[in-house]
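Enquirer: This structure is in structure tokens; I'll ask about it shortly.
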Amino acid sequence: MVGDLAPGEMIDRYVVEQVLASGGFGTVLRVAHVHLGSRHAMKVLHAGGAVQRERLLREGRLQAMLRHPGIVAVTDVVPLDAGLGLVMELVDGPTLHDWASRHRPAPEEVDGLAEQLFAAVGFLHANDCLHRDLKPDNLLIERRGAALVLSVADFGLAVEAAS
């Protein structure tokens, strides 16, 4: 399904701009809303079946309920031929893994990122959510002026603790 999606192609009311990342189960695309011009990330699965579709929808529902500055927001779900696409806030920056491999962070940068991560994880736990896949590849870093902003992404393995 993803192999057919190239820049310029339409997915519902979004146009594909580029592939941002690809993993074992899915691909993340940068897309633009056709009418608003806003940019987003869209997660699509490599193979779509009923089980995978339901897992992605569950991920989207959970992530959409969690409103916190340190958590990537899910804003929409769109139908695809063999599944669906999860539309999210676009974080314009690398993963923590990629950033740390190219950048020697100063102690105050590490402290600031750690504080943001602890705040996001604390929020998740206060809302009965366990991420279950926190790792540098699922933490995104964006520079906003002089500040580094950390966002937790990929809630594919997350569960509500109450479930």
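Enquirer: Give the span of the chain's Cα atoms along each principal axis, as three whole-Å numbers ordered largest to smallest.
Expert: Cα spread of the chain along its principal axes, largest to smallest: 47, 37, 29 Å.
Enquirer: OK, next. Given the -39500 (n - 2.57) contribution per DSSP H run of 4+ residues, what per-residue ellipticity at 222 nm results for the chain, rounded to the nearest 500 deg cm²/dmol?
Expert: Taken over the chain, the calculation gives -8500 deg cm²/dmol.
Enquirer: Over all alpha-carbon pairs of the stretch 1-76, lay out the pair-distance distribution in 10 Å bins, whole %, shortest bin first.
Expert: Each 10 Å bin holds this share of Cα pairs: 18, 46, 33, 2.
Enquirer: Further, regarding this structure: Separation between the residue 82 and residue 101 pseudo-spin-labels, each 7 Å from Cα along Cα→Cβ, expressed in nm?
Expert: Output for this residue pair reads 2.9 nm.
Enquirer: Compute the FRET efficiency between residue 142 and residue 34 as 1/(1 + (r/R0)^6), taking r as their Cβ-Cβ distance and R0 = 41 Å, and round to the nearest 0.05. List each step's numbers first, then the result.
Expert: Details: r = 24 Å, r/R0 = 0.60.
Step by step, r from the Cβ atoms, then E = 0.95.
Enquirer: Taking the full set of protein chains and a 1.4 angstrom probe, give the accessible area of residue 95 in square angstrom, rounded to the nearest 10.
Expert: Surface accessible to solvent at residue 95 totals approximately 30 Å².
Enquirer: Here's a follow-up. Of the heavy-atom accessible surface of the chain (probe 1.4 angstrom), what whole percent is carbon and sulfur?
Expert: 56
Enquirer: For residue 22, what residues show an amide H to amide H distance below 5 Å, using hydrogens built from the backbone and excluding near sequence neighbours?
Expert: 28
Enquirer: In Å², what does the accessible area per residue of the stretch 1-152 work out to with a 1.4 Å probe?
Expert: Counting only protein heavy atoms, the per-residue value for the stretch 1-152 is 55 Å².
Enquirer: Ok, one more. Sorting check: for 15-25, 34-44, which peptide has the highest mean count of neighbouring beta carbons within 10 Å, and how do the rest follow? Numbers along the way, then the final one.
Expert: Values: 15-25: 13.6, 34-44: 16.5.
By packing density, highest mean first, the sequence is 34-44, 15-25.
Enquirer: Further question: Mind giving me the FRET efficiency for residue 25 and residue 67? R0 is 25 Å, r the Cβ-Cβ distance, nearest 0.05 is fine.
Expert: For R0 = 25 Å, the calculated efficiency reads 0.45.
Enquirer: Can you give me the relative contact order of the chain as a percent, contacts being Cα pairs under 8 Å and 6 or more apart?
Expert: That works out to 19 percent.
The values are calculated or read from the model by the stated rules, or taken from the named source; none is laboratory data. Fair warning: this is a prediction, and the values are worked out from it, not measured in the lab. Glycine gets a Cβ as well: all are built from the backbone with ideal geometry, and neighbour counts include every protein chain shown. Side chains are part of the model used for accessible areas, which takes the heavy atoms of the whole protein and leaves out ligands, DNA and RNA. Shrake-Rupley method; radii C 1.70, N 1.55, O 1.52, S 1.80 Å.
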